[in-house]
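A.B. asks: The structure follows.
The values are calculated or read from the model by the stated rules, or taken from the named source; none is laboratory data. Keep in mind that this is a model prediction, so the values were computed, not measured. Cβ coordinates were reconstructed from backbone atoms using ideal geometry, including for glycine residues, and neighbour counts include every protein chain displayed. We work out accessible area using only protein heavy atoms, side chains counted, and drop any ligands, DNA or RNA first. Shrake-Rupley method; radii C 1.70, N 1.55, O 1.52, S 1.80 Å.
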Amino acid sequence: MIMYSSLLLAALVIGAPYWLLRMATSGRYRAGLPGRLGVVPKGLTAAVAGREVVWVHAVSVGDALAATQLIREWREALPGWVFAVSTTTETGQLLAKERLAGAPVFYLPLDFRFAVRRYLRVLRPRMLVLMESELWPRLIDECANRGIPIVVANARVSDRSFPRYMRLRRLWRPFLEKISQFLAQSKETAERLVKIGAPSDRVSVMGNLKYDVRAGDASPMTRRIGSLLYQARLIVAGSTLAGEEEALLAAWPIIQKAVPDATLLIAPRHPDRFEEVLGLIRKSGYPFFRCSQLLLDTEPIFGGTILLLDTIGDLASMYGIAAVAFVGGSLVPRGGHNPLEPAQFAVPVVMGPSFENFRDVVEGMRATDAIRIIAPERLAEMLIALLRDKEDAKALGERGRAAFEAQTGATKRTVQVLTTLLKKTAVAAR
């Protein structure tokens, strides 16, 4: 642990100029800085005082969505317990606070002993739940030393990270052996976890919690946009990354000419890119609106208009009013995002060729012809085809919804395992 802490400190010192610049230019990097450095928020201290606590850590939006669904169902099994949620990103913070009213939400402290111990002294958690691949050695070590059971829920080992884990498996094995349970998304991940050092008797396959994340009622923003669409059909491009907005805007003149009543909504993955994407939209020369301004304006949205979704937490329900959905992170080599988010609404789904992050679900959808995977140069062609052929689009959407329904149930199984483990550890502690 001394070597790990030294390397972590060295990385922070060497990277200090970069991080200082980012903090000076972006609120995203300044947010929660005292908490990250071990200053426990007073509100967190008050919220957990004298209560039974479970600490759940999620990184950003996708993990936070899965975590909030897990906590909602887990609360029914553990009434009166406090679920304290930490995240790494600002967007994750905002979403967790919105979705889990009353739950304490805070930034994960840096993985130094002094910072981690301060939080553990305040929280005194009965269990630590880490989402997906959030394996922090110091946090794991400190919890294990206190006899706090640690569970990795929705565990995932990506194609990109697996080779790195394998190269360092001798270093990782001691930490993996301190984890009580790994609840893997898939059989492939379970096998990878065992290969990199997780005890095989502590690894089980639960399925993907993200497949259980259902959009709630339409948000006020979604209802507003839906009410302003004037004989226009909406293409929702969700969770887009740099390079994808340019591709969408390059395809837009072709789409708009072929389908004049089409309207495009772009929802960048990261809020700190809103202004950048707005600049790209301005340059396109097409009429546009920031969605945030439409909460006040009453102008109708005609075909040909481009919308920038510059709010957080509205994308999930926005898919529900789409005629076609494009799922981002897939035209560029970033592994893609979850196609089941729009599929649950029976919306026809289009993705680019990069979908490694959701390979199992995408391949399952492809096997039942429930999704369209296209090369970047075919983006306009495919969107036009689905907007023109309403029967094909409807059938594709229905097959997508069937794929969504077939994947559900992981949250219920995970809650059962976590609750059983909590009871066992409580008995053992007596």
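A.B. asks: Heavy atoms only, 1.4 Å probe, whole protein assembly: order 337, 270 by accessible area, highest first. Spell out each step's value before the answer.
C.D. replies: On the way: 337 35, 270 60 Å².
My answer, sorted largest first, is 270, 337.
A.B. asks: Kindly provide the helix-only [θ] at 222 nm of the chain, computed as the sum of -39,500 (n - 2.57) over DSSP H runs of four or more divided by all residues, to the nearest 500 deg cm²/dmol?
C.D. replies: After summing the helix terms and dividing by the residues of the chain, the value is -14000 deg cm²/dmol.
A.B. asks: Sticking with this structure for a sec: Run the accessible area of segment 264-317 with a 1.4 Å probe and give the carbon-and-sulfur part as a rounded percent.
C.D. replies: In segment 264-317, the share of accessible area belonging to carbon and sulfur is 56 percent.
A.B. asks: Taking a threshold of 21 Å on the Cα-Cα distance, which of the pairs 187/210; 178/412; 42/424 fall above it? Let's see the in-between values first.
C.D. replies: Values: 187/210 16 Å; 178/412 25 Å; 42/424 32 Å.
Beyond 21 Å between Cα atoms: 178/412; 42/424.
A.B. asks: Roughly how many nanometres apart are two label points built 7 Å out from the Cα toward the Cβ at residue 398 and residue 75?
C.D. replies: Placing both labels 7 Å along Cα→Cβ, they lie 3.7 nm apart.
A.B. asks: Follow-up question, since we're still on this one. For a test of the definition: using alpha carbon positions, the gyration tensor, and the 1.5 limit on a/c, classify segment 82-122 as rounded, prolate or oblate.
C.D. replies: Taking the square roots of the gyration eigenvalues as a ≥ b ≥ c, segment 82-122 is oblate.
A.B. asks: Report the label-to-label distance for residue 378 and residue 177 in nanometres (one decimal), using points 7 Å from each Cα along the Cα→Cβ vector.
C.D. replies: For residue 378 paired with residue 177, the spin-label model returns 5.0 nm.
A.B. asks: Turning to a different aspect of this structure: For residue 49, project a label point 7 Å along Cα to C-beta. Then give me every residue of segment 77-102 with its amide nitrogen under 14 Å of that point.
C.D. replies: none
A.B. asks: Per the 1.4 Å probe, what fraction of the accessible area of segment 382-423, in percent, lies on carbon and sulfur atoms?
C.D. replies: Using a 1.4 Å probe with all protein chains present, segment 382-423 comes out at 51 percent carbon and sulfur.
A.B. asks: Considering the options 368, 409, 344, tell which one lies farthest towards the positive end of the dipole of the chain, charges being +1 on Lys and Arg and -1 on Asp and Glu at the Cβ, about the Cα centre.
C.D. replies: The residue sitting farthest along the positive end of the dipole is 409.
A.B. asks: Separate question: Expressed as a rounded percentage, what relative contact order does segment 148-267 have, with Cα pairs under 8 Å and six or more residues apart?
C.D. replies: Relative CO of segment 148-267 lands at 22 percent.
A.B. asks: With an 8 Å cut-off on Cα pairs and a minimum separation of 6 or more residues, tell me the relative contact order of the chain in percent.
C.D. replies: 13
A.B. asks: Now a separate question. Using a Förster radius of 25 Å, what is the FRET efficiency between residue 421 and residue 200 based on their Cβ-Cβ separation? Nearest 0.05, please.
C.D. replies: With a Förster radius of 25 Å, E is 0.90.
A.B. asks: Which cross-chain or sequence-distant (5 or more) residues have an amide H under 5 Å from the amide H of residue 310, H modelled 1.01 Å from N in plane?
C.D. replies: For residue 310, the qualifying residues are 291, 292.
A.B. asks: Modelling each spin label as a point 7 Å along the Cα-to-Cβ direction, I'd like the residue 273/residue 246 distance in nm, to one decimal.
C.D. replies: 1.2
A.B. asks: Give me the number: length gained by fully extending residue 98 to residue 33, i.e. 0.36 nm times residue separation minus the C-alpha to C-alpha distance, one decimal in nm. Could the numbers behind the result be given before it?
C.D. replies: On the way: separation 65, 0.36 × 65 = 23.40 nm, distance 2.08 nm.
The residue 98-residue 33 span can extend by a further 21.3 nm.
A.B. asks: How large a share of the accessible area of segment 100-210, in percent, is made up of carbon and sulfur atoms when the probe is 1.4 Å and the other protein chains stay in place?
C.D. replies: 48
A.B. asks: Check cross-link reach from residue 97 to the aspartates and glutamates: straight Cα distance under 13 Å, and skip same-chain residues fewer than eight apart.
C.D. replies: Qualifying aspartates and glutamates at Cα under 13 Å: none.
A.B. asks: Decide, for segment 202-254, between rounded, prolate and oblate: order the square roots of the alpha carbon gyration tensor eigenvalues as a ≥ b ≥ c, take rounded if a/c falls under 1.5, and otherwise choose prolate if a/b is larger than b/c, else oblate. Write out the running numbers ahead of the final one.
C.D. replies: Working: a/c = 3.76, a/b = 1.49, b/c = 2.53.
Oblate, because a/c is 1.5 or more while a/b does not exceed b/c.
A.B. asks: With θ taken as phi - 60° and the coefficients 6.51, -1.76 and 1.60, list the Karplus ³J(HN,Hα) couplings across segment 34-45 in order, rounded to whole Hz; mark glycine and proline as x.
C.D. replies: Values, residue by residue: x, x, 4, 8, x, 7, 6, x, 4, x, 5, 4 Hz.
A.B. asks: Further, regarding this structure: Can you tell me what percent of all Cα-Cα pairs in the chain are more than 37 Å apart?
C.D. replies: Tail of P(r) above 37 Å: 27 percent of Cα pairs.
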